[in-house]
Amino acid sequence: MNQKNHWEKVYQNKRPDEVSWYQSRPDLSLALIANLSLPQDAKIIDIGGGASTLVDHLLDEGFLGVSVLDISGRALTVAKERLGKRAAEVTWLAGDITSMKLPDRAYDLWHDRAVFHFLTRAEDRKKYIQNLNRSLKPDGTVIIATFSLKGPERCSGLNVVRYSPEALQAELGESFQLIKHLEEIHQTPFGTRQAFVYCVFKRIK
């Protein structure tokens, strides 16, 4: 299956608030980011940010170096239209995180809510982590949220991989240290509940 075509179709057929992962305010992500006490000029990339409202809130909080990456150009367009003139304050990156090349040592914070668990092939996870290793600064932080072991086995018609904090640590490897993990029960727009685990890693190598 062509991943780009799949996600373009999702955003063509559904409003942003109709997809299962929609959050009007991503409270847990924002709380974890706030706890990092990043300077306002920190470079932050939201992997799979698409139409997420995280970027809105980061701009509201005065962050100046926000990038949003998504495989779906349509999802990015939705976010740009929502932000209006403020969209010019964001770097928008359309592409597949497993194949595009990000700039070296560019980011202080790598945030990913619900992309990594869609990478069911080991080779794709390897490419993702190679991009992470190349583009995160030496003292950078990673926040990854995936379905937990109690979460669903499929989402948006696709298989997913569920994770424990230990399993995520094993995927990222010895360059990263797990410093915090939290669970969240996400209420979807159509009333179902999904179990997520949020993990915060610090780069140590």
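Values computed for the structure shown
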read-out: Residue match in the stretch 151-173 (condition: assigned to a strand (DSSP E or B), of a type in the set (D, E, K, R), at pLDDT 95 or above and closer than 23 Å to Ile33 by Cβ); value: no
read-out: Failed item, numbered, when Phe176 is tested on (1) farther than 19 Å from Leu28 by Cβ; (2) of a type in the set (A, V, I, L, M, F, W, C); (3) modelled with pLDDT under 95; (4) out of contact with any His (no Cβ under 8 Å at 6 or more places or on another chain); value: (3)
read-out: Restricting the stretch 20-44 to residues that are aliphatic (A, V, I, L, M) and touching a Gly at 6+ places or on another chain (Cβ under 9 Å), the residue that is nearest to His186 (Cα to Cα); value: Ile44
read-out: Residue satisfying all of: in the stretch 7-33; among the hydrophobic types (A, V, I, L, M, F, W, C) and farther than 15 Å from Ala79 by Cβ; surrounded by the fewest Cβ atoms within 10 Å (Cβ to Cβ) among these; value: Ala31
read-out: Residue in the stretch 124-132 that is within 22 Å of His6 (Cα to Cα) and of a type in the set (Val, Ile, Thr) present; value: no
read-out: Qualifying residue in the stretch 70-79 (condition: hydrophobic (A, V, I, L, M, F, W, C), modelled with pLDDT under 95 and surrounded by fewer than 19 Cβ atoms within 10 Å (Cβ to Cβ)); value: yes
read-out: Residues satisfying the stated conditions in the stretch 115-143, i.e. touching a Leu at 6+ places or on another chain (Cβ under 6 Å) and either in a strand (DSSP E or B) or of a type in the set (A, V, I, L, M) (or both); value: Thr141, Ile143
read-out: All helices (runs of 4 or more DSSP H) inside the stretch 1-107 with 2 or more residues being within 13 Å of the chain's Cα centre (by Cα); value: 27-34, 54-60
read-out: Verdict on Ala88 being in contact with a helix residue (DSSP H, G or I) (Cβ under 6 Å, 6 or more places away or on another chain) and either over 26 Å from Gln187 (Cβ atoms) or without any contact (Cβ under 8 Å) to a residue 40 or more places away in the chain (or both); value: no
read-out: Filtered residues of the stretch 183-204 (kept if farther than 17 Å from Asp17 by Cα and either part of a strand (DSSP E or B) or touching a residue at least 60 places away in the same chain (Cβ under 8 Å) (or both)); value: Glu183, Glu184, Ile185, Ala195, Phe196, Val197, Tyr198, Cys199, Val200, Phe201, Lys202, Arg203
read-out: Neighbours by Cβ (under 6 Å, 6+ apart or cross-chain): first from the stretch 112-126, under 15 Å from Phe147 (Cα atoms); second loosely packed, with under 11 Cβ neighbours inside 10 Å and of a type in the set (Lys, Arg); value: none
read-out: Filter pass, Ser29 being at pLDDT 95 or above and closer than 21 Å to Val200 by Cα; value: yes
read-out: Criterion (buried (at least 16 other Cβ atoms within 10 Å of the Cβ), touching a helix residue (DSSP H, G or I) at 6+ places or on another chain (Cβ under 7 Å) and among the acidic types (Asp, Glu)) met by exactly one of Asp108, Asp104, Asp46, Asp112; value: Asp46
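The values are calculated or read from the model by the stated rules, or taken from the named source; none is laboratory data. Remember, it's a predicted structure, so these values are computed and weren't measured experimentally. Counting neighbours? That spans all protein chains shown, and the Cβs are built from the backbone with ideal geometry, glycine included.
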